[in-house]
Amino acid sequence: MAADGVAQAGHRSGGEDVLRRLRTGTAEEHEDVERTLDLLDPDLARDRLAAVLERMHGFWLAAEAGLDAWAGAHPGDAAAVDWPRRRRAALFAGDLRSLDAAPAAAGPSLPPLAGTDEALGRLYVLEGSTLGGTFIDRHLASLPHLAGVRVRAFSPYGGETGAMWAAFRRVTRERVAAGGSPGTMVDSARATFRALATWCRPVAPVPA
Ligand code: HEM
């Protein structure tokens, strides 16, 4: 019943809510990334954590370069979503340093972002990862063999995680209300997730 109410409210404001479309439209891809990273493994070894962080660092470098180019072309849209505050490649590099591991030397080649709808789709993936990040942090903190390892990249905003996510959602909905294309956002988010899974495949767990 409650879900119907939400869906109807979405219809009244011009079609199914874009955030709902982003979540359902990328659910399969999210699962693939989760499986590939396998960060909730109870036996997650320090070396494997470093290998995963190195892949993620490379991905964030590439994704942020694309978003920087978009921000240069659309400074007003980038300011609306508070883009500079959302950069986090440096946190991955810092986490790798604290694990005595080298930073990523390269990242994947991602398609350039044609406009703000594409950028918001890509940002959806990067920003949403802070939600799962809370669970990942809690898990890492529970592993005795990783005691003393401090990983910051999964929850870059600390106590502001909810507020940063809420602000992202608001800007995305406003964009759609002003004529942005939810379909373009979903396509971009799906492509971003797929590129991440492909890039991280080399560190996927070996099936037993
Ligand atoms: C092993 C790794 C991961 C786990 C266990 C995980 C887990 C989760 C969980 C539990 C949520 C829901 C949180 C909530 O609703 O409060 C979530 C949301 C999300 N995660 Fe992940 N995640 C992982 C990795 C990632 C990565 C690497 C990305 C992208 C780079 C990502 C993108 C997202 C997105 C976009 C959402 C928001 C879904 C929505 O509500 O629209 N996740 N994740």
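Only the coordinates and a few stated rules stand behind these numbers; no lab work does. Just so we're clear, the structure is a prediction, and the values are computed from it rather than from any experiment. Using ideal geometry, Cβ is built from the backbone for each residue, glycine included, and neighbour counts are taken over all protein chains shown.
Figure legend: label point modelled 7 angstrom from the Cα of Leu40 along Cα→Cβ; residues of segment 190-208 with amide N under 19 Å from it are 197, 204-208. With the simple model of a label 7 Å out from the Cα in the direction of the Cβ, Leu131 to Ala204 spans 2.4 nm. Which angle from 0 to 90°, rounded to the nearest 10, does the C-alpha axis of helix 27-37 make with the longest principal axis of the chain? Once rounded, one gets 10 degrees.
In degrees, nearest 10, range 0 to 90: what is the angle between the Cα axis of helix 182-200 and the longest Cα principal axis of the chain? Long axis of 182-200 versus the principal axis of the chain: about 10 degrees. Going by a ≥ b ≥ c, the root eigenvalues of the Cα gyration tensor, does the chain fall in the rounded group (a/c under 1.5), the prolate group (a/b larger than b/c) or the oblate group? Taking the square roots of the gyration eigenvalues as a ≥ b ≥ c, the chain is prolate. Toward the positive end of the charge dipole of segment 18-203, with +1 on the Cβ of Lys and Arg and -1 on the Cβ of Asp and Glu, the farthest Cα among Gly158, Trp199, Gly121 is that of Gly158. Each Lys and Arg adds +1 at its Cβ and each Asp and Glu adds -1 at its Cβ; summed about the Cα centre, segment 18-203 shows a dipole of about 320 debye.
Only helices enter this figure: runs of n ≥ 4 DSSP H residues, each worth -39500 (n - 2.57), summed and divided by the residues of the chain, yield -21500 deg cm²/dmol at 222 nm to the nearest 500. Taking the C-alpha atoms only, the angle from helix 161-177 to the longest principal axis of the chain is near 30 degrees. If you run the Gaussian network model on the chain, springs between alpha carbon atoms under 10 Å, then out of Phe154, Phe59, Phe135 the most flexible one is Phe135.
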